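Every read-out reported here was derived from the displayed coordinates using simple, explicitly stated rules and does not represent laboratory data. Fair warning: this is a prediction, and the values are worked out from it, not measured in the lab. Please note: Cβ atoms are built from the backbone with ideal geometry, for glycine as well, and neighbour counts cover all protein chains shown.
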There are 2 protein chains.
Amino acid sequence: AEKAARKAEKQAMADFAKERYGVSAMVQSQQKLDRVLVRVQDLSPEKADQLIWLRARIHTSRAKGKQCFLVLRQQQFNVQALVAVGDRASKQMVKFAANITKESIVDVEAVVRKVEQKIESCSQQDVELHIERIFVISQAEARLPLQLEDAVRPDGEGEEISFHTTTSQAIFRLQSGVCQLFRDTLTKKGFVEIQTPKIISAASEGGANVFTVSYFKTSAYLAQSPQLYKQMCICADFDKVFCVGPVFRAEDSNTHRHLTEFVGLDIEMTFNYHYHEVIESITDTMVQIFKGLRDNFQTEIQTVSKQFPSEPFKFLEPTLRLEYTEGVAMLREAGVEMGDEDDLRSGYLFAVLAVFQYDTDFYVLDKYPLAVRPFYTMPDPNNPKYSNSYDMFMRGEEILSGAQRVHDPELLTQRAVHHQIDLEKIKSYIDSFRFGAPPHGGGGIGLERVCMLYLGLHNVRQTSMFPRDPKRLTP
Amino acid sequence: AEKAARKAEKQAMADFAKERYGVSAMVQSQQKLDRVLVRVQDLSPEKADQLIWLRARIHTSRAKGKQCFLVLRQQQFNVQALVAVGDRASKQMVKFAANITKESIVDVEAVVRKVEQKIESCSQQDVELHIERIFVISQAEARLPLQLEDAVRPDGEGEEISFHTTTSQAIFRLQSGVCQLFRDTLTKKGFVEIQTPKIISAASEGGANVFTVSYFKTSAYLAQSPQLYKQMCICADFDKVFCVGPVFRAEDSNTHRHLTEFVGLDIEMTFNYHYHEVIESITDTMVQIFKGLRDNFQTEIQTVSKQFPSEPFKFLEPTLRLEYTEGVAMLREAGVEMGDEDDLRSGYLFAVLAVFQYDTDFYVLDKYPLAVRPFYTMPDPNNPKYSNSYDMFMRGEEILSGAQRVHDPELLTQRAVHHQIDLEKIKSYIDSFRFGAPPHGGGGIGLERVCMLYLGLHNVRQTSMFPRDPKRLTP
């Protein structure tokens, strides 16, 4: 052993590059280093021949004689790098580099070099890095939970995506964009953001499908929607409000489109004379989101479509609005037998017809039968079988449900009695309209569904970072 | 009775203005009316002599002979209006207007008139409205839950604010601004917004003070912080992330600063070499928020200070950063006896000293004793009794707690053992650092506290729309 140690020492002595590589001490904020780290996405021919520092992950590694080729990755960007025996790197240094485990994080000092032939496998195709120093900042264990290279191959339906892949990076950056576009558009329209409570004392939508919480010496529930609170804000003259937050549904549904916890993008607003003012505000907001994604998130859209190919999302301006009866008529014409009030919500055939006839992946279905909507939905003044309510669809799946709400306490009481709802339980809800309530309407959008359908994915678990369903609570 | 009816009919016949007032049919979207409604805040001398339509609430009403003076309100704005017997209004019409209950919502058609003497009691001081038509859109019940005029008088400490007042409007508009400034600043800095789950399978911070949820056939918990999820995103190369969402604490604390559910503004980011990079990002974000509020929310700040007077919020650029030991030394100098590691968190005296000596209401206390921080806090490399952690304070109260996190699984294990934490329970947390983890840090901000302290209020219930505490679950 002593002999071996002496031999190692002698070899190290002989290594002229021994200060140029190694495992760094854990970064514990020992010092403020005045060193600029370049971003991988900024590596371009303009930086040719510059000596730069960079921190990145080892994406792939391939040793070959006296050289070691690495691909260094930062989020969805990567670049080829080379350590080669020469006057800046010793044999030992190349061996060290070759032995760094994949996914480890390294600091490298390197010269940027233009390449003659494009490097097709990397996002930075015109340059490579010639490494002069390499230090391990964080070492990954040799056995990874999965091989990332394998995880981004084009895939079948409904498969989940590993959180570490470039596809996943792209999906959640786009999701962040949806939230930002939603809020920015509404803020410009004069909406105020509100924060509504998630722990509530009474089940908001009738009591079914609600999670129970132990609350000190009593019980409480998790809010199934911010409906009541949005409407209280309207009654308190907030005029136009929105909120973004978790929504909880204790439904034992194990489908591609159901989660027990999802992010709701909720809108409620007063209107002057007709609830179509609300529909127009919401559809315009959706159109601004679609445009913002198309114009500012092409990198992300392209990254996702490499693994999950789909047609670009189509929409019209102004948004197509069809009445429910028109939808029924279209289906009957296509040979489907259905009653006037049968549920069109999951009418895929109808969606196909709409895309086919109108060339849009986004449309509104207006004037639902009163019987299939909640008790607080305003009846149609011209036909008591219908209501002032609507759903919005993307690629044939419902993403928003909304309506004009009943703002008159007497009519609201009548409707609740008709639905056989215990008036005692909704007394405070009805009372909130007794002190002057403006006509208003709104709707709730599921964030994960919007992202899934915009990108043409097939499972809402692909657009939820940490999905929750009846069988899944971790991580 | 028949006689009375005939008399009423005769009177109505005699009323030349009978088409000019009344109770409108409930707005049920019967028609799309092509009528522009002017906003109260836009009523200025430039509109003098114009005939306009307006929808507003009756704020106050005072009949006086053949006239009735109304104050019409929209959110925090109001204007004086007059109905007087003349060629556009009959005696009956004035009587009708005078009998409309306060807080009812009305549509009025009126001529805008310049006034000679400023109307001090209204936000629109230079004009009044001469009403020619008035229709009730929504009638308030005569007995209101409280008198709104009374509810905005200057008030003592800790009192709650009625949700319908102009003060409340101002507070929650400012709160909406805090969220927007927080997100916009971070987005510009390259942060990505993430959505983290609120229902979790294991108690995140050790198991105390956690709410339990019935989850189908098993149990789950409500997240006490997004800590674990933020860090998982960092390990998955999201680089810089933030989230805004509810945080749940089952603490039986009935103080002015504790809620069982509050809105967390959370930040987590990688850094290169020193965690002060994180402190600088967060303090700069706070400074951008303070500046944005100062520059764009003066109306709201003034409205709140009418009821709750306070000094304008002071801050420095760059933000004052003191080390914990400096804080202890300051207190000792002022005659306070305390140990090196005693808790400074609620050190009001220290806050007073800081404001006095440095003229700032916002500062960072850096390098807390390691013993008082969570196990995942990075120890100070130079002094093992201290840590790379910090709190941020506004007007002497803590609003953020943060630190460099341990990103090395071996050190993390050691620290957990030292804290006598069951390793089995945090295995997946520790394992998430085994596949390469960059140095990182962050912190969590309480939205309600930031708003309370910025405005110089004294109870966090005043800046929560629907506060939740051990004794309060409604509305």
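Secondary-structure-derived ellipticity at 222 nm for the protein assembly as shown, considering helices only, amounts to -8500 deg cm²/dmol, per-run term -39500 (n - 2.57) for DSSP H runs with n ≥ 4.
Once each part is reduced to its C-alpha centroid, what is the distance from segment B:40-79 to segment A:281-326 in angstrom? Comparing the Cα centres of segment B:40-79 and segment A:281-326, I get a distance of 43 Å. Among the trypsin sites (Lys or Arg not before Pro) within segment A:363-454, those in coil by DSSP and having at most 13 neighbouring Cβ atoms inside 10 Å are A:Lys385.
Is the shape of segment B:6-67 best called rounded, prolate or oblate, per the rule: a/c under 1.5 gives rounded, else a/b larger than b/c gives prolate, else oblate, with a ≥ b ≥ c the square roots of the Cα gyration tensor eigenvalues?
Working: a/c = 2.10, a/b = 1.37, b/c = 1.54.
Judged from the Cα gyration tensor, segment B:6-67 comes out oblate (a/c at least 1.5, b/c at or above a/b).
For B:Val192, B:Val85, what ranking results if the residue with the fewest other Cβ atoms within 10 Å of its Cβ goes first? Walk me through the numbers before you get to the answer.
Details: B:Val192 21, B:Val85 17.
Listing B:Val192, B:Val85 from fewest to most nearby Cβ atoms yields B:Val85, B:Val192.
Computed from the alpha carbon positions, the gyration tensor of segment A:44-86 leads to an equivalent ellipsoid with semi-axes of 19, 16, 8 Å, biggest first.
Note down the relative contact order for segment B:295-421 as a percent, whole number, built from C-alpha pairs under 8 angstrom at least six residues apart.
Dividing the mean separation by the residue count of segment B:295-421 yields 21 percent.
Starting from the Cα gyration tensor of segment B:268-400, take the square roots of the eigenvalues, sort them a ≥ b ≥ c, and report rounded, prolate or oblate (rounded when a/c is under 1.5, otherwise prolate if a/b is larger than b/c, else oblate). Since a/c reaches 1.5 but b/c is at least a/b, the shape of segment B:268-400 is classed as oblate. Distances between placed amide hydrogens fall under 5 Å for B:Leu54 paired with B:Val38, B:Val108, all partners being 5 or more residues away or on another chain.
The phi-based Karplus calculation (6.51 cos²θ - 1.76 cosθ + 1.60; θ = phi - 60°) puts the 3J(HN,Hα) values of segment A:422-429 at 5, 4, 4, 6, 10, 4, 5, 5 Hz, whole numbers, x for Gly and Pro. For B:Val244, A:Val278, the sequence from fewest to most other C-beta atoms within 10 Å is B:Val244, A:Val278.
Using only alpha carbon pairs under 8 Å that are at least six residues apart, calculate the relative contact order of chain B and give it in whole percent.
Numbers: 865 pairs, mean separation 62.6, N = 475.
About 13 percent, as a whole number.
Fewest-first ordering of A:Arg57, A:Arg62, B:Arg183 by other beta carbons within 10 Å of each residue's beta carbon gives A:Arg62, B:Arg183, A:Arg57.
In order along segment B:399-404, phi translates into HN-Hα couplings of 10, 8, 10, x, 5, 5 Hz, rounded to whole numbers, per the Karplus curve 6.51 cos²θ - 1.76 cosθ + 1.60 with θ = phi - 60° and x for Gly and Pro. Taking segment B:390-420 and a reference point 7 angstrom along Cα→Cβ of B:Asn382, the backbone N atoms nearer than 19 Å belong to B:390-391, B:403-405.
With a ≥ b ≥ c the root eigenvalues of the C-alpha gyration tensor of segment B:397-464, is it rounded (a/c under 1.5), prolate (a/b larger than b/c) or oblate? Please list the in-between numbers first.
Numbers: a/c = 3.53, a/b = 2.57, b/c = 1.37.
Prolate, because a/c is 1.5 or more and a/b exceeds b/c.
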